[in-house]
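Enquirer: Right, I'll just put the structure down here and ask away after.
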Amino acid sequence: MTVVLEGREIRKTYVGGDGVPLDVLCGVNVSVNRGEMIAIVGESGSGKSTLLHILGALDRPTGGTVLLQGQAVTGRSDSELAKVRNRAVGFVFQFHHLLREFSALENVAMPLRIQGEAPADAERRARVLLERVGLGGRLHHRPSELSGGEQQRAAVARALAAEPGVVLADEPSGNLDHANAERLHGLLAEVVRDLGVAMVVVTHNRSLADRAHAVYQLEEGRLSVVPPGGVRSAV
């Protein structure tokens with residue numbers, strides 16, 4: 001199996017207003033393979049989002065190394081990290097972060113336009129992805145004209161636009177009702193299976209965690225494997 005994303009001995013320490021250091025991540029090791037979904041669960045405030053942001057080059061670790069497709073990400077300049085994020089990592093957040101003044105088609109094409117793709121080529125790719133997530137009839141609708149579930153599916157399409165090696169999803173269904181959440185969970189599993197991307201999801205949702213190939217619990221700054229059948233006590 002091909003390892004797409006790997007974190008080695010990731011540490012993150014914040015210093016409070018009183019000058020006392022707070023260790024959020026204490027030597028975390030994690031890896032995800034092509035065509036694999038892993039779920040990270042844990043209590044609120046345990047550092048799950050911090051870990052995801054470090055793995056996606058949105059934040060820098062205090063110590064340790066992040067490797068994306070075998071290449072070290074840590075230690076690069078801000079401009080280099082921006083290129084890594086745009087070309088190799090797709091993000092899906094709890095709130096879709098679609099640009100409200102643009103249509104679904106324009107939102108999904110945006111990462112490709114940023115990379116310098118011709119408008120026609122970018123929109124062609126965006127159209128294919130929106131049809132894949134069930135929004136072929138909503139291409140020219142703005143976010144305010146889409147339901148919550150549709151907005152999040154458009155966000156998934158946008159995350160896939162640049163054909164990233166890994167997709168990182170932070171509570172992707174946390175703002176959806178049960179029916180829309182289940183549809184989104186099925187879509188994420190389908191993307192991993194059919195497109196062969198690697199995926200890391202941070203979630204409190206047991207149904208989504210159950211779809212992962214492996215589940216890890218973050219507790220007291222350390223990551224441990226949750227055994228089969230142990231998800232309910234970990235989420």
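Values in this text are rule-based calculations from the coordinates and carry no lab data. Just so you know, these numbers come straight off a predicted model, no measurement behind them. Here the Cβ positions follow ideal geometry from the backbone for every residue, glycine too, while neighbour counts run over all protein chains shown.
Enquirer: As a check on your grasp of the helix formula, calculate [θ] at 222 nm for the chain: sum -39500 (n - 2.57) over DSSP H runs of n ≥ 4, divide by the residue count, round to the nearest 500.
Expert: Taken over the chain, the calculation gives -10500 deg cm²/dmol.
Enquirer: With +1 on the Cβ of every Lys and Arg and -1 on the Cβ of every Asp and Glu, and nothing else charged, how large is the dipole of segment 1-109 about its Cα centre, in debye rounded to the nearest 20?
Expert: Dipole magnitude for segment 1-109 comes out near 240 debye.
Enquirer: With unit charges on the beta carbon (Lys/Arg positive, Asp/Glu negative), name the residue among G42, G148, V20 whose Cα is farthest towards the positive pole of the charge dipole of segment 3-234.
Expert: G148
Enquirer: Apply the Karplus parameterisation 6.51 cos²θ - 1.76 cosθ + 1.60, with θ equal to phi minus 60°, to every residue of segment 170-184 and state each ³J(HN,Hα) to the nearest whole Hz, in sequence, with x for glycine and proline.
Expert: Rounded to whole hertz, the list is 10, 6, x, 10, x, 10, 10, 6, 4, 5, 5, 4, 5, 5, 5.
Enquirer: Quick one: angle between helix 78-88 and the longest Cα principal axis of the chain, in degrees between 0 and 90, rounded to 10, please.
Expert: 60
Enquirer: Same structure, new question: Given that just one value was derived from the coordinates, which of (1) -0.70, -1.20; (2) -0.85, -1.24; (3) -0.66, -1.37 is log10 I(q)/I(0) by the Debye sum over Cα atoms at q = 0.12, 0.18 Å⁻¹?
Expert: The value matching this structure is (3).
Enquirer: Here's something else I'd like to know. V20 versus H141, label points 7 Å from Cα toward the beta carbon: distance in nm?
Expert: Here the answer is 5.0 nm between the modelled labels.
Enquirer: Ok, one more. Between A120 and S44, what's the calculated FRET efficiency when r is the beta-carbon distance and R0 is 45 Å? Round to 0.05. List each step's numbers first, then the result.
Expert: Details: r = 45 Å, r/R0 = 0.99.
That gives a FRET efficiency of 0.50.
Enquirer: Also, I was wondering about something else. Build a GNM of the chain with springs between Cα atoms under 10 Å: which of L99, L168, L55 gets the top mean-square fluctuation?
Expert: Between L99, L168, L55, it is L99 that shows the largest mean-square fluctuation.
Enquirer: Another question, then. So how tilted is helix 104-114 from the main axis of the chain? Cα-based, degrees 0 to 90, rounded to 10.
Expert: 60
Enquirer: Considering only DSSP states other than H, G, I, E and B, which chymotrypsin sites (Phe, Trp or Tyr not before Pro) in segment 25-129 qualify as loop sites with at most 15 other Cβ atoms within 10 Å?
Expert: Within segment 25-129, the qualifying chymotrypsin sites (Phe, Trp or Tyr not before Pro) (loop, at most 15 other Cβ atoms within 10 Å) are F95, F102.
Enquirer: Taking the Cβ of E190 as the centre, find all other residues whose Cβ is under 13 Å away and add up their charges (Lys, Arg: +1; Asp, Glu: -1).
Expert: Around E190, the surrounding residues sum to +3.
Enquirer: Output ³J(HN,Hα) for segment 8-25: one whole-Hz value per residue in order, computed from phi by the Karplus curve 6.51 cos²θ - 1.76 cosθ + 1.60 with θ = phi - 60°, and x for Gly and Pro.
Expert: 3J(HN,Hα) across segment 8-25, in whole Hz: 10, 6, 6, 10, 9, 10, 10, 10, x, x, 8, x, 8, x, 10, 8, 8, 10.
Enquirer: Where a ≥ b ≥ c are the square roots of the eigenvalues of the C-alpha gyration tensor, would you call segment 140-198 rounded, which needs a/c under 1.5, or, failing that, prolate if a/b is larger than b/c, or oblate?
Expert: Cα axes put segment 140-198 in the oblate bin.
Enquirer: Given springs between every Cα pair under 10 Å in a Gaussian network model of the chain, which of G16, G56, G75 has the largest fluctuation?
Expert: Of the options given, G16 has the highest mean-square fluctuation.
Enquirer: Here's a follow-up. Taking the Cα centre of the chain as origin and charging only Cβ (+1 Lys, Arg; -1 Asp, Glu), how large is the dipole, in debye to the nearest 20?
Expert: Value, rounded to 20: 380 debye.
Enquirer: How far apart, in nm, are the 7 Å Cα→Cβ label points at E182 and S77?
Expert: It works out to 5.1 nm between the two label points.
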